[in-house]
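Following: one structure in structure tokens, then a few remarks.
The values are calculated or read from the model by the stated rules, or taken from the named source; none is laboratory data. Quick caveat, the model's predicted, so the values are computed rather than measured. Using ideal geometry, Cβ is built from the backbone for each residue, glycine included, and neighbour counts are taken over all protein chains shown.
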Amino acid sequence: MSGTESVAFDTPQRERRADTFAMWVFIGSEAMLFGAIFLVFLVAHIDFGPAFAAASKRLSLPLGTLNTAVLITSSFTMALAHMLALHRRWRPTIWALVATAALGVCFLIVKGIEYGKEISEGLAPLLGLPFRYAGPDPVHAEFFFGLYFTMTSLHALHLIGGIVVIAGMIALWRPSGPANRLRRVVAVGLYWHFVDIIWVFMFPVLYLINR
Amino acid sequence: MSELRKLTFGYLGLLALLALTVGSSFVALGGFNVALNLAIAAAKAILIAMLFMHLTGTLPRLAVAAAGLWLVILFGLTLIGR
Amino acid sequence: MTNAAMQGTYLGQGSGLRAWLLSTDHKRVAWLYLISLTAFFFLGGAMAVLMRIELATPAGDLVSDDVYNRLFSLHGIIMVWFFLVPSIPATMGNFLLPLMIGARDLAFPRLNLASWYVFIFGSLFALFAVVAGGVDTGWTFYTPLSTLYANGFVSTAAFGVFVVGFSTIMTGINFIVTVHTLRAPGLTWFRLPIFVWTLYATSLVMVLATPVLAASLILIVLERVFGIGIFNPDLGGDPLLFQHLFWFYSHPAVYIMILPGMGVVSEVLPCFSRRPLFGYKAVAMSSMAIAVFGFLVWGHHMFVSGQSAYAGVVFSFLSFCVAIPSAIKVFNWSLTLRKGEISFETPMLYALFFLGLFTFGGLAGLFLAALAVDVHVHDTYFVIAHFHYIMVGGMVTAYMAGLHFWWSKLTGRMYSETAGRIAATVTFVGFNLTFFPQYMLGFNGMPRRYHTYPPEFQFWNVLSSAGAVVLAIGYLMPLFYLGWSLFRGARAPDNPWNATGLEWQTSSPPPPHNFETMPVVTRPAYAYDMKGLEHERFSPHREEAAR
């Protein structure tokens, strides 16, 4: 077959359309996963609004804001990679991809610093770590932090997945032909932007609501 | 390249929205804080989807619409019982 | 199986283990699934037989209560996630979808093979849970039992189910994209066989519901392993919320299981009554309606859970609504038979049994959808009988119908028709003997999930246990005569049933990329009423066969 990866397709154009559609279906599926988690948060928030608002104030807004900016920037560089790949300018494409992955790593580092801070302050109700929370209604504040760690670590896992895939794509860059390169950049890009969108919702929900 | 300009404007718009959402949280608007934050998040999501993800064509839109409808079902029917 | 006759078919493309385990050909992946699912079916079935033997007497004499809890939990987990959910889609769907729409393969052949490996990886966790000591939460993993009190290998089993969910989503995405992008020229949506419609509807449910199950299982594992108390009432968590998330997946999962069965029956009934499917569009659209309505009714599993009465009324009403598209299908199938030239080959027998058993089980569903009646029969054997009529009487029967209908296409061989008819009849008798008594037991108040019971229930329990033995024989028979046919069966013609559909227009078994010449479709599905059908038919292999 001429330039298609799957025997099912006769032209690379048709295959790319199918790829894009498949990624969107996958994103829809992922949206249901995060939707369910957000629903759990929403239900808890309805029940324990004041406790959640008080607990939310203990998160670091500067670091959260910084991370949001980092992730938005990584989305921008990913969009640049897509644009460059469309024009078949492969070398800058690689640099844009490297920048995207590096920004992803930055996000993870900042997130790690945040986690470290929260653990040292005794705000991490995990693995039997001591939970020392001075504010009102510590039981439900603990619930908030449990959800905070669940949601952010699930997001971070998705980000790690994205970074690994970008790294793999760059490692396999040389042997893959132009059609495959473009297909992969498009597919990974869609995933990356989706992970960004999830954070765009997670940030206000966890850090800002009812401050 | 007009494409580059479009992406850059999108990027700057996203940063502006971020500043707006963080800033708004320091102003007490009562219940509107929540609504405003979520509206800004939705605006950012739409920007990303349209400019960065090129959400065009029937099939991708179909996928997004389906996920949206099913999220409404999930949230709606879970919350009616409460 | 490899011999001269198989040269040039997908079976002739290498017979070593490597050629099977690494092939991305959808037809070979279908076989990988078929073999693994058969193993799981008999494993889950063996557990059911053990339970029925225990229940033959009122006392708990064969197994202890603890072992019994583990038996029914693993029976449920294995049958639901490792057999029923993937059953028809991953085996016959995988094999036939590209053939039916005139494609060379699924859109993503490597994703398809990967889905099988993910499935095996996940199912190994479940098998480990079985060997290591089992799970006693029931297949539903209800919190807070599963998070705070159960001491079995809950995390292992839940993680296994979680991983298998990925394989389900992979298959779903692959099918959706394939149907949208790879239909042959002329194959418009309303010329698609109903089997394709139902696979499409099923895939939709798979893709949109499975992630919610994944979320709820992640939260259970997090709670057990990391101590994050999401569903723990002591922490303000809401155990009921787990049920919402779980049933948001698990009720539609019932339609994941039954829809492909409906598709198989829609292929078989027209073929053996030589009539076009009555009300094709209504049947196609009702499949989509079931996929959507199926998401609106999950609360009927929670009528007595403490959800608000208002929610109960809404869910009760919506549950009645989902009966409408199912009824549309049943009426259309029945009208397809009207004035048909009906013949009773094995696939047709199974399909007719499906029609009866599914209707019978479905009508019991209306009792359960009614709020007041459900309070009476909730968690009794009435519920067990209801969903086994749908899942086993419906789905497994349809699975057998499909397996026999397309066996010649899968293998290039014919099985013994006599043995097939006997097995179908034994299954039907055994099934009703097993599960009809359970309606009576449930209505009289025998609760599910107990290994002992008061002596007055023994009569019906003995009948049910005897039926389980007959049913087991009915299911074991095909293992032998189908297995035998693989090596000794007569060579099958390309289209032994004289059926319409693109899959019959290529050779049996098909060549590696399905069609020598890519087909063009010019007529609707099920054109059994067209004159001179077989002479017009596109058949690149006819000359070869005649030689």
Exercise. Return the pairs, sorted by first residue and then second, in which the second residue is surrounded by 24 or more Cβ atoms within 10 Å (Cβ to Cβ) and among the hydroxyl-bearing types (Ser, Thr, Tyr), the first residue lies in region A:192-205 and is within 7 Å of another protein chain (Cβ to nearest Cβ), the beta carbons are less than 9 Å apart, and the residues are 6+ apart or on different chains.
Key: A:His193/A:Ser75; A:Asp196/A:Ser74; A:Asp196/A:Ser75; A:Ile197/A:Ser75; A:Val200/A:Thr68; A:Pro204/B:Thr21
Self-check item: Residue within region C:217-227 that is more than 14 Å from chain A (Cβ to nearest Cβ) and among the hydrophobic types (A, V, I, L, M, F, W, C) present
Solution: no
Self-check item: Given (1) more than 14 Å from every other protein chain (Cβ to nearest Cβ); (2) at pLDDT below 95, number of the condition C:Ser319 does not satisfy
Solution: (1)
Quiz item: What helices (runs of 4 or more DSSP H) completely inside region C:16-90 contain at least 1 residues that are of a type in the set (Phe, Trp, Tyr) and buried (at least 17 other Cβ atoms within 10 Å of the Cβ)?
Solution: C:26-54, C:65-77
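Has region C:323-335 got any residue that is in contact (Cβ under 8 Å) with a residue 60 or more places away in the chain and either surrounded by 20 or more Cβ atoms within 10 Å (Cβ to Cβ) or of a type outside the set (Ser, Thr, Tyr) (or both)?
yes
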Exercise. Please specify each residue of region A:1-21 satisfying the condition of being part of a helix (DSSP H, G or I) and without any contact (Cβ under 8 Å) to a residue 24 or more places away in the chain.
Key: A:Gln13, A:Arg14, A:Arg17, A:Ala18, A:Phe21
Practice problem: Check off (1) more than 13 Å from every other protein chain (Cβ to nearest Cβ); (2) over 21 Å from the mean Cα position of the chain (by Cα); (3) closer than 21 Å to C:Tyr200 by Cβ for C:Gly134 and give me the number that stays unchecked. | Solution: (3)
Practice problem: Identify the residue in region C:91-131 that is surrounded by 24 or more Cβ atoms within 10 Å (Cβ to Cβ), touching a Phe, Trp or Tyr at 6+ places or on another chain (Cβ under 7 Å) and aliphatic (A, V, I, L, M) and, among all such residues, is nearest to the other protein chains (Cβ to nearest Cβ). | Solution: C:Leu97
Quiz item: Considering only region C:466-514, how many residues are modelled with pLDDT of 95 or more and closer than 20 Å to C:Asn94 by Cβ?
Solution: 2
Exercise. Any residue in region B:28-55 that's free of Cβ contacts under 8 Å to residues at least 60 places away in the same chain and facing another protein chain (nearest Cβ under 7 Å): show its pairings with residues that are in a helix (DSSP H, G or I) and acidic (Asp, Glu) at Cβ separation under 7 Å, as long as the two are six or more apart or on different chains.
Key: B:Ile48/A:Asp196
Quiz item: If C:Asn461 passes every condition in (1) at pLDDT below 95; (2) more than 30 Å from C:Ser316 (Cβ to Cβ); (3) polar (S, T, N, Q) but one, which one does it miss?
Solution: (1)
Practice problem: For region C:307-317, enumerate the residues that are closer than 11 Å to C:Leu366 by Cα and either touching a residue at least 12 places away in the same chain (Cβ under 8 Å) or surrounded by 17 or more Cβ atoms within 10 Å (Cβ to Cβ) (or both). | Solution: C:Ser316
Quiz item: So, of the residues in region A:191-211 that are over 14 Å from A:Ser74 (Cβ atoms) and assigned to a helix (DSSP H, G or I), which turns out to be farthest from the chain's Cα centre (by Cα)?
Solution: A:Leu208
Quiz prompt | Condition met for A:Leu59 (surrounded by 20 or more Cβ atoms within 10 Å (Cβ to Cβ) and not in a helix (DSSP H, G or I)) | solution = yes
Quiz prompt | Residue list for region C:238-279, filter: within 16 Å of the chain's Cα centre (by Cα), within 30 Å of C:Glu503 (Cα to Cα) and without any contact (Cβ under 8 Å) to a residue 60 or more places away in the chain | solution = C:Pro252, C:Tyr255
Quiz item: So which of A:Ile160, A:Ile166, A:Ile119 ends up being at pLDDT 95 or above and either closer than 28 Å to C:Ile220 by Cβ or touching a Lys or Arg at 6+ places or on another chain (Cβ under 8 Å) (or both)?
Solution: A:Ile160
Quiz item: Taking region A:1-45 on its own, how many of its residues are under 29 Å from C:Pro239 (Cβ atoms) and either at the interface with another protein chain (Cβ under 7 Å from one of its Cβ atoms) or buried (at least 18 other Cβ atoms within 10 Å of the Cβ) (or both)?
Solution: 17
Exercise. Could you look through region C:433-459, keep only residues that are without any contact (Cβ under 8 Å) to a residue 60 or more places away in the chain and surrounded by 20 or more Cβ atoms within 10 Å (Cβ to Cβ), and pick out the one that is nearest to C:Leu482 (Cα to Cα)?
Key: C:Phe435
Quiz item: So is C:Thr147 within 13 Å of another protein chain (Cβ to nearest Cβ), more than 26 Å from B:Val64 (Cα to Cα) and buried (at least 22 other Cβ atoms within 10 Å of the Cβ) or not?
Solution: yes
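For every residue, the table says whether it meets (1) more than 20 Å from the chain's Cα centre (by Cα); (2) surrounded by fewer than 15 Cβ atoms within 10 Å (Cβ to Cβ).
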| residue | (1), (2) |
| --- | --- |
| A:Val98 | no, no |
| A:Phe107 | no, no |
| A:Glu114 | no, no |
| A:Glu121 | yes, yes |
| A:Pro125 | yes, no |
Quiz item: Only one residue in C:Gly299, C:Gly294, C:Gly237, C:Gly263 is within 12 Å of chain A (Cβ to nearest Cβ) and either modelled with pLDDT under 95 or outside any loop (DSSP other than H, G, I, E, B) (or both), so which one is that?
Solution: C:Gly237
Quiz item: If a residue has to be away from every other protein chain (no Cβ under 14 Å) and of a type outside the set (Val, Ile, Thr) to count, how many in region C:156-192 make the cut?
Solution: 9
Quiz item: Of everything in region C:216-228 that's of a type outside the set (Val, Ile, Thr) and buried (at least 24 other Cβ atoms within 10 Å of the Cβ), which residue is farthest from C:Trp139 (Cα to Cα)?
Solution: C:Glu223
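Scan region A:79-103 for residues that are in contact (Cβ under 8 Å) with a residue 40 or more places away in the chain and part of a helix (DSSP H, G or I) and jot them down.
Within region A:79-103, the subset in contact (Cβ under 8 Å) with a residue 40 or more places away in the chain is A:79, A:81-82, A:85-86, A:88, A:90, A:93-94, A:97-98, A:100-101.
A:Ala79, A:Ala81, A:His82, A:Ala85, A:Leu86, A:Trp90, A:Thr93, A:Ile94, A:Leu97, A:Val98, A:Thr100, A:Ala101 - these are the residues of region A:79-103 that are in contact (Cβ under 8 Å) with a residue 40 or more places away in the chain and part of a helix (DSSP H, G or I).
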Quiz item: Out of all the residues in region A:117-128, is one or more farther than 29 Å from A:Arg17 by Cα, in contact with an Asp or Glu (Cβ under 7 Å, 6 or more places away or on another chain) and away from chain B (no Cβ under 14 Å)?
Solution: yes
Quiz item: Taking region A:160-187 only, how many residues are in contact (Cβ under 8 Å) with a residue 40 or more places away in the chain and assigned to a helix (DSSP H, G or I)?
Solution: 16
Quiz item: Within the group B:Val72, B:Val22, which residue is more than 18 Å from A:Phe194 (Cα to Cα), aliphatic (A, V, I, L, M) and away from chain C (no Cβ under 14 Å)?
Solution: B:Val22
Practice problem: Looking at (1) out of contact with any Cys (no Cβ under 6 Å at 6 or more places or on another chain); (2) crowded, with 18+ Cβ neighbours inside 10 Å, find the lone condition where C:Pro496 falls short. | Solution: (2)
